[in-house]
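Chemist: Quick one: this structure, given as structure tokens, is what I'll be asking you about.
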Amino acid sequence: MGEVLSQSEIDNLLAALSTGELDVEQMQESADKKVKDYDFSRPAKFSKEHLRTLEIIYEHYGRLISTNLPVYLRKNVQVSVSSSETVTFSEFSNALSNPVILGIVDFQPLNGNILIDLAPNLGFAMIDRMLGGPGVSLDKIRDFSEIEMTILEKMLIICIQLMREPWRNVVDIFPVMERIETNAQFAQIIAPGDMIAIITMNIKIGDVEGLMNICLPYFTLEDIMDKLNTKYWYSTMQKEDSENYEEHIESLIKRIDVPVKAVLGKSQISVNDFIDLQVGDIIRLGTEVDSEMEVYVGNIKKFKALPGSNRDKYAVRVTEVIREEG
């Protein structure tokens, strides 16, 4: 809705027109809308909001990689999202090096595939580390052997499975690795002129640093584009948190193993007596046979119990719960 003028402003405007201070033609020219060029070869299918949401998703994904890959590589891994942009698929494929590590992923249940482009120096560092080396890359990049490709495929599958959790607030995905290509010409998953979103992630494995590009075609994300906005993403996340957070934390706590020890008694002996202990020697404890034992959960005294046996194993029967540690 346009700006509404007051009566005094209207009178001043009419007076300026009658005296010639304002030119009607100039006013009409200034009121004309500015024309913006539109490149039909690069249609703007991804908005800034879409890219920002994808960055949030893959920032979460980067944190998962940095905490899970060290389990396999036994080396510190640092991951961060460095940029996001939209280009045509031909621009992306023409910029790829040779050889290249391209993982073609079936992005179920969405249509089509996505690509994961891993820098060759990172691939060689992973292979070196998995085979017992220090995790260094090669001075001169060469083609990968069949054994090396098998190792890389296993590492990429691990990375792909980690992608499920960050996407959960938008859609439940079940990514499946179809194949790995080392030549970009054999990875033409969409038409060259189709638009894609590229999320570039910087990965550092020890002292080796390189990039991993996530190629997301518009064709694959078309059905969920309305959900790729931060408002929907945060609202879904908050809803899930409010409903399942406490229950989820409680279920995790219930599965934690805690050490429990029952102290039969305590005694003090000299170091000399300890050194001379032999099989059959008796150490007198500071408790009586029929007295209650103290049961500790971790380092906290929680129960009192009596000793006994159960199915040919030593056991204790809890007689009292200690609410507060004395």
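Chemist: Hey, among GLY133, GLY193, which residue is of a type outside the set (Val, Ile, Thr) and touching a Ser or Thr at 6+ places or on another chain (Cβ under 7 Å)? Steps first, please.
Modeler: Working: GLY133 fails: touching a Ser or Thr at 6+ places or on another chain (Cβ under 7 Å).
Sole residue among the options that is of a type outside the set (Val, Ile, Thr) and touching a Ser or Thr at 6+ places or on another chain (Cβ under 7 Å): GLY193.
Chemist: Looking at SER80, SER90, SER84, which is the one that is surrounded by 19 or more Cβ atoms within 10 Å (Cβ to Cβ) and polar (S, T, N, Q)?
Modeler: Numbers: SER80 fails: surrounded by 19 or more Cβ atoms within 10 Å (Cβ to Cβ); SER90 fails: surrounded by 19 or more Cβ atoms within 10 Å (Cβ to Cβ).
Checking each option against the conditions leaves just SER84.
Chemist: Considering only residues that are within 50 Å of the chain's Cα centre (by Cα) and under 19 Å from TYR314 (Cβ atoms), which ones fall in the range 256-293?
Modeler: Start the filter on the range 256-293 by keeping residues that are within 50 Å of the chain's Cα centre (by Cα), which leaves 256-266, 293.
Answer for the range 256-293, where residues must be within 50 Å of the chain's Cα centre (by Cα) and under 19 Å from TYR314 (Cβ atoms): PRO259, VAL260, LYS261, ALA262, VAL263, LEU264, GLY265, LYS266, MET293.
Chemist: Something else: Kindly provide the set of residues from the range 142-170 that are in contact with an Asp or Glu (Cβ under 9 Å, 6 or more places away or on another chain), crowded, with 18+ Cβ neighbours inside 10 Å and part of a loop (DSSP other than H, G, I, E, B), ordered by number. Full working, then the answer.
Modeler: First pass over the range 142-170, keeping only residues in contact with an Asp or Glu (Cβ under 9 Å, 6 or more places away or on another chain): 164, 166, 168-169.
Filter once more, so that each one left must be crowded, with 18+ Cβ neighbours inside 10 Å: 166, 169.
Within the range 142-170, ASN169 is the sole residue that qualifies.
Chemist: Out of the range 1-15, which residues are at pLDDT 75 or above and hydrophobic (A, V, I, L, M, F, W, C)?
Modeler: Of all residues in the range 1-15, those at pLDDT 75 or above come to 11-15.
Across the range 1-15, the qualifying residues are LEU13, LEU14, ALA15.
Chemist: Same structure again: Spot the failing condition for LYS154; the list is (1) closer than 22 Å to SER83 by Cα; (2) under 21 Å from the mean Cα position of the chain (by Cα), and only one is missed.
Modeler: (1)
Residues are listed down the side, and each one gets a yes or a no for (1) at pLDDT 90 or above; (2) assigned to a loop (DSSP other than H, G, I, E, B); (3) closer than 18 Å to GLN161 by Cα:
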site	(1), (2), (3)
VAL79	yes, no, yes
SER90	no, no, no
ASN98	no, yes, no
ILE104	yes, no, yes
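Chemist: Determine whether ILE180 is touching an Asp or Glu at 6+ places or on another chain (Cβ under 9 Å) and either of a type in the set (Phe, Trp, Tyr) or in a strand (DSSP E or B) (or both).
Modeler: So ILE180 passes the test.
Chemist: Could you please tell me which pairs satisfy a Cβ distance under 7 Å, a separation of 6+ or placement on different chains, a first residue in the range 123-135 that is buried (at least 17 other Cβ atoms within 10 Å of the Cβ) and assigned to a loop (DSSP other than H, G, I, E, B), and a second residue that is of a type in the set (Gly, Ala, Ser) and at pLDDT below 90?
Modeler: GLY135/GLY206
Chemist: Another one. Taking the range 280-326, which residues are hydroxyl-bearing (Ser, Thr, Tyr), part of a strand (DSSP E or B) and without any contact (Cβ under 8 Å) to a residue 24 or more places away in the chain?
Modeler: Just the residues of the range 280-326 that are hydroxyl-bearing (Ser, Thr, Tyr), to begin with: 287, 291, 296, 309, 314, 319.
Next cut, part of a strand (DSSP E or B) only: 296, 309, 314, 319.
Answer for the range 280-326, where residues must be hydroxyl-bearing (Ser, Thr, Tyr), part of a strand (DSSP E or B) and without any contact (Cβ under 8 Å) to a residue 24 or more places away in the chain: SER309, TYR314.
Chemist: Moving on. What is the number of the single condition among (1) touching a Ser or Thr at 6+ places or on another chain (Cβ under 6 Å); (2) closer than 24 Å to MET195 by Cβ; (3) assigned to a loop (DSSP other than H, G, I, E, B) that THR53 does not meet?
Modeler: That leaves (3) as the condition not met.
The values are calculated or read from the model by the stated rules, or taken from the named source; none is laboratory data. The shown structure was predicted, so the numbers you read here are calculated from the model rather than taken from an experiment. Methodologically, a virtual Cβ is constructed for each residue, glycine included, from the backbone with ideal geometry; neighbour enumeration extends over all protein chains shown.
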